[in-house]
1. On the given criteria, is ILE68 β-branched (Val, Ile, Thr) and modelled with pLDDT under 90?
2. Pairs needed: first member in the range 1-19, more than 21 Å from TYR57 (Cα to Cα); second member anywhere, polar (S, T, N, Q); C-beta distance under 8 Å; at least 6 residues apart or different chains.
3. Taking the stated definitions as given, is GLY4 of a type outside the set (Phe, Trp, Tyr) and on the phi > 0 side of the Ramachandran plot?
Amino acid sequence: MEIGEFEKLLKQANLSKKEFADIAGMNYNSVVNWGTKNTYAAWVEPFLNFYIKAKKYDELMQSVASGIK
């Protein structure tokens, strides 16, 4: 994954690097260093993609539940 792709996925997920580090149970400095070394763990891209999908699903379910009441 390229640096720009990581930033793009974070933006889509509406997460800062600090929030991502907290959710992933990682040290913030490790996440920041990914950009300087241009290397990312293999699980990061699928993790963010699933996070984004889950967030959309939660929003849809909340919207449907609101319409039922």
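The values are calculated or read from the model by the stated rules, or taken from the named source; none is laboratory data. Everything numeric in this text was worked out from a predicted model, so none of it was measured. In this analysis, Cβ positions are derived from the backbone assuming ideal geometry, glycine residues included, and neighbour counts consider all displayed protein chains.
1. Details: β-branched (Val, Ile, Thr): yes; modelled with pLDDT under 90: yes.
So ILE68 passes the test.
2. Close Cβ pairs satisfying both conditions: GLU2/ASN38; ILE3/ASN38.
3. On the way: of a type outside the set (Phe, Trp, Tyr): yes; on the phi > 0 side of the Ramachandran plot: no.
So GLY4 does not fit the description; no.
Every residue, every condition in (1) over 9 Å from the mean Cα position of the chain (by Cα); (2) crowded, with 16+ Cβ neighbours inside 10 Å; (3) not β-branched (Val, Ile, Thr), yes or no:
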{"residue": "ILE3", "(1), (2), (3)": "yes, no, no"}
{"residue": "LEU9", "(1), (2), (3)": "no, yes, yes"}
{"residue": "ASN29", "(1), (2), (3)": "yes, no, yes"}
{"residue": "THR36", "(1), (2), (3)": "yes, no, no"}
{"residue": "ASP58", "(1), (2), (3)": "yes, no, yes"}
{"residue": "GLN62", "(1), (2), (3)": "yes, no, yes"}
